[in-house]
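Report on the structure given below.
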């Protein structure tokens with residue numbers, strides 16, 4: 001053995017594992033996170049508003065066209081309804097069929113009451129009432145003025161037969 005003492009070598013003990021470093025958030029870091037989140041919220045809101053405005057702008061033209069078409073239809077319906085009211089009033093007053101269109105042009109008004117009054121005025125101006133032909137019964141003497149046994153017929157028969 002030797003004079004030099006040797007110490008048995010012991011393996012080095014590993015150092016104690018370091019504890020994971022806990023991050024503590026500073027006030028500045030939290031504030032920057034809040035500002036960033038606010039910026040993203042504002043950007044999202046702005047993008048949504050722009051998209052909404054663009055959509056509205058796209059559909060305003062189409063909506064205006066539909067409104068115009070609806071208004072035209074509504075006015076055409078109103079005119080047709082007024083004309084129908086006039087025709088009904090004219091027919092109620094028993095205006096002859098050949099005069100209906102002429103009377104229709106003369107009738108004025110937009111509601112039933114004024115149309116009725118106008119039709120009555122036009123009818124009184126025309127002085128026409130419906131001509132109702134009465135049926136003629138020839139046996140009542142209103143038909144042919146020559147009776148079947150009249151003098152002219154008898155004379156014609158006598159001449160044809162040669163009788164006196």
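The condition (being over 39 Å from the mean Cα position of the chain (by Cα), at pLDDT 95 or above and either within 21 Å of residue 125 (Cβ to Cβ) or part of a helix (DSSP H, G or I) (or both)) is satisfied by just one residue among 41, 34: 41. Among residues of segment 114-164 being modelled with pLDDT under 70 and in contact with a helix residue (DSSP H, G or I) (Cβ under 9 Å, 6 or more places away or on another chain), the one that is surrounded by the most Cβ atoms within 10 Å (Cβ to Cβ) is 128. Residues that are part of a loop (DSSP other than H, G, I, E, B) and either under 30 Å from the mean Cα position of the chain (by Cα) or surrounded by 13 or more Cβ atoms within 10 Å (Cβ to Cβ) (or both) were ranked within segment 77-95; the one that is modelled with the highest pLDDT is 93.
Residue pairs whose Cβ atoms lie under 7 Å apart, sitting 6 or more positions apart in sequence or on different chains, and linking a residue in segment 76-96 that is under 11 Å from residue 112 (Cα atoms) to a partner that is at pLDDT 90 or above and assigned to a loop (DSSP other than H, G, I, E, B), are 86/107. Among the conditions (1) modelled with pLDDT under 90; (2) surrounded by 10 or more Cβ atoms within 10 Å (Cβ to Cβ), residue 49 misses just one, which is (1).
The values are calculated or read from the model by the stated rules, or taken from the named source; none is laboratory data. Keep in mind that this is a model prediction, so the values were computed, not measured. Note: ideal-geometry Cβ built from the backbone for every residue, glycine included; neighbour counts use all protein chains shown.
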